[in-house]
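Here the structure comes first, spelled out in structure tokens, and everything after it is commentary.
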Amino acid sequence: MKHTMNGYLRAGLILSGIMTAFILLGFFWTPYDPAAMGEADKFLSPSLTHLLGTDNFGRDIFSRVLQGAGTTFLIALSTVAIGAVCGTAIGAVTGYFGGVVDEALMRVNDALTAFPSILLALVVISILGPGKKFNVVAALGLVFIPSFARVTRTAFAALRDVNYVKSARLMGASPARILLVHILPNTLPVLLPAITIGFNNAVLAEASMSFLGIGVTPPDASLGYMLSEAQSLLTAAPWYAAGTGGVIVLLVFGVGLLGEGLQRRSREVA
Amino acid sequence: MKKRLMSLLLLAGLLCAVLTGCGDGSAEETPEDRAAANAITVGIAQDLDDSLDPHKTVKAGTREVMFNVFEGLMKPTPDGDLTPAIAENYTVSEDHKTYTFTLREGVKFHNGDTVTAEDVVYSINRCAAATETGIVQVEAFSVIEAVEAVDERTVTITISEPSNEFISYLTTAVLPADYTEQDTAPVGTGPFRFVSRTAQDSIVLERFEDYWGTPAQLDKVTLKIIENADSLMMSLQSGAIDLCSHLTSTQVDQLGDDFTVAEGTMNLVQALYLNNAVAPFDDVRVRQALSYAVDKQGIIDLAFDGYGSPIGSSMYPAFGKYFDEDLTDYYEYNPEKAKELLAQAGYPDGFEMTITVPSNYKPHMDTAEVLVQQLAAVGVTATILPVEWESWVSDTYTGRQFQSTVVGVDAANMTARALLERFTSTYGSNFINYNSANYDALFQQALATYDDAEQTALYKAMERDLTENAANVYIQDLADLVAVRQGLEGVVFYPIYVLDLSGIHYTA
């Protein structure tokens, strides 16, 4: 595969790189203790001491955004990992073998897709119990499986009868080997953009779930929960919503560019 | 293409919603117009959509407004007492079982009819038996044996056992007998008469000219329904409304010089309620340690901008005679002492706990966030578990499946019993599983006592018992902030959830 760069890819790599560095930084260092409250520091507007200002408890918003972006990033990453691994496995089996298994699994898939994803996540959360990060990941991961399954199934089905797969089959390669070694690498042009889009959706889904109060629990920071807090303080501390929302936008935009770039590259290569 | 069209339409729809939202501000009527007409517009957060019939009303928000339209034989006063309203006076028989009420002469209903003893009998019977659908039965009326109209102006009520709390239930609204349109066109005897209600929009009240007592000072009050908190703020700032209660300190801070802020109390006992039956809170030393570790004033300053009244037991200041001020500072903020007590109880390194919070109540969530910080200082790691209100009621309150919870407990009526009976060991809603033999005994004594001073002393002893055993970590009675446009005054607060409009007036 030729390594061609395009504008989208380059911009996406730079922006995502910056955001990732920002998030990694947040794991080790924040300018202030993200949970430290202070009566004198309430509602300070952005300044050199508090880059993004402070919130209604006098907590430094920049520190909380650093920490919260990390939480959101980890949740989104694990969600996409669950969705991509399980989804691809289902897609591979159904796409390659077809038949009854295909019908059965894909109809279940359709049924899951029929639910609005947040609603489905709500159901899972209400079964697992709210208030734990793991449950948020599990709920969102499950919700993300169908879209990956659908995308990869198409790719696997399309490659099932191409010549190099046929010849591998004739040489007696096992189905597992064919799926993993011969077909999977060739689905990457489809899979990678799907992963980037999925990642963005997961960031937004975490944000909406925490916004609805079923995601991450306070005083832990997550971008979604912070945004829901910021909403009620929109007139008192507009910088709160702007700072938090801005970081979500940058995070999603960066990965979005990356996805678009990957898609364009695969089209160019093809 | 289709998608783009859809999103354009959506955007247009959103814009419309936003713009009409702002449109509330551009009402033609200005505060000056209203001052000239001796009228005001009050912002309320919810429609009165249950029933305007006071015997069927279930929503606190409806009762709050209709308090101005209805009265009972007695009515509550701002300091937590009762005063005769439709009754001129009453006498109680020697055995405390027969109440004889003499009605005030010439009290008129809003429809012009004179209130008779028959109307009183009708109204009390209506709430005692709940024969009509939708009537909210008054539990305390179950002791009534007979209600009789002796003559036009005399009513006797006989009850089966003496109770010095019975009288406080006679605030139940008196309605004209056999008037069938209370639901939509309510008729009472209060200082304001109901004029109209436009669903989802507004309610109009006008002064009742034939009121028996001090007449209302305003000619007309329009209650504008504005459900969205941000629109409510905009309406205040733009001059569309003159008065609004139940605001937060953050909202009040944004108001500026056009408004004065009246500070009352919400009449709730906000506390970190502890499940006394579950480790580690089954140990009194741990509960006391938490009480020392929590800085009430700190919470009030940090999360409520200093608005709020610290409390030290299950009683709030508005209750006047039952409130014991000395208990407020029983546990003075002292993290060192807290650590000491924790060490004695076998937790030198603290422990982990969960705080269940009904997440729709922002003040409780905010309080919990500060609590987590304060508890961390003595080594206790607390995690907040936000739950919906329904699951709070079913799992935490009814099911008692919790470690600790931040919530506000209120009194259903103006009696100390309403706040204190709930912690007797056998009471059905003793959700903290409080179990003190001394407390139970004191309550039995209080019930059997008819003398008011003695009973008050017993109730105070119960409060002290709760405090000494640190049944809960008591925090505060939340502030109820009312924004009033400059030039208006006369807001008074009651120990119950009502908005009395009759005293509000323009100063000039």
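Cβ-to-Cβ counts within 10 Å put A:Leu142, A:Leu234 in ascending order as A:Leu234, A:Leu142, the fewest first. Normalised by the number of residues in chain B, the average gap of Cα pairs under 8 Å and 6 or more apart makes the relative contact order 19 percent. When a/c reaches 1.5 or more, the comparison of a/b and b/c decides; with that in mind, is the protein assembly as shown rounded, prolate or oblate per its Cα gyration tensor? Because a/c hits 1.5 or more and a/b exceeds b/c, the protein assembly as shown counts as prolate. For segment B:293-399, the tally of Lys pairs with Cα-Cα distances below 24 Å comes to 4, considering only residues 8 or more apart or on different chains. This ranking places B:Thr158, B:Thr250 by how few other beta-carbon atoms lie within 10 Å of each, fewest first, which gives B:Thr158, B:Thr250. Report for the protein assembly as shown the percent antiparallel among DSSP-assigned beta bridges with both residues inside it, nearest 5. Expressed as a percentage, antiparallel bridges in the protein assembly as shown total about 75.
With a/c under 1.5 counting as rounded, go ahead and sort chain B into rounded, prolate or oblate using the C-alpha gyration tensor (a ≥ b ≥ c being the square roots of the eigenvalues; past the cut-off, prolate if a/b is larger than b/c, else oblate). Oblate shape, in that a/c is at least 1.5 and b/c is the bigger or equal ratio.
Taking Cβ atoms as reference points and 12 Å as the exclusive limit, the residues near B:Asn438 contribute a net charge of -2, counting Lys and Arg as +1 and Asp and Glu as -1.
Near A:Asp60, once Lys and Arg are set to +1 and Asp and Glu to -1 for all other residues with Cβ below 11 Å from its Cβ, the sum equals -1. Taking the Cβ of A:Tyr240 as the center, what net charge do the other residues with Cβ under 11 Å away carry, scoring Lys and Arg +1 and Asp and Glu -1? It works out to a net charge of 0. Here A:Lys42, A:Lys133 are placed in order of increasing Cβ neighbour count within 10 Å, fewest first, which gives A:Lys133, A:Lys42. List the chymotrypsin sites (Phe, Trp or Tyr not before Pro) within segment B:409-476 that DSSP assigns to loop and that have no more than 16 neighbouring Cβ atoms inside 10 Å. The qualifying sites are B:Tyr427, B:Tyr450.
From its DSSP helices (H runs of at least four residues, each -39,500 (n - 2.57)), chain B gives a residue-normalised ellipticity at 222 nm of -8500 deg cm²/dmol. The dipole here belongs to the protein assembly as shown: it is taken about the Cα centre, uses +1 on the Cβ of Lys and Arg and -1 on the Cβ of Asp and Glu, and is about 5960 debye.
Each value in this text was obtained by applying a stated rule to the coordinates, not by laboratory testing. Bear in mind that the values here come from a model prediction, so they are computed numbers and not experimental data. Cβ sites come from the backbone with ideal geometry, for glycine too, and all protein chains shown count toward neighbours.
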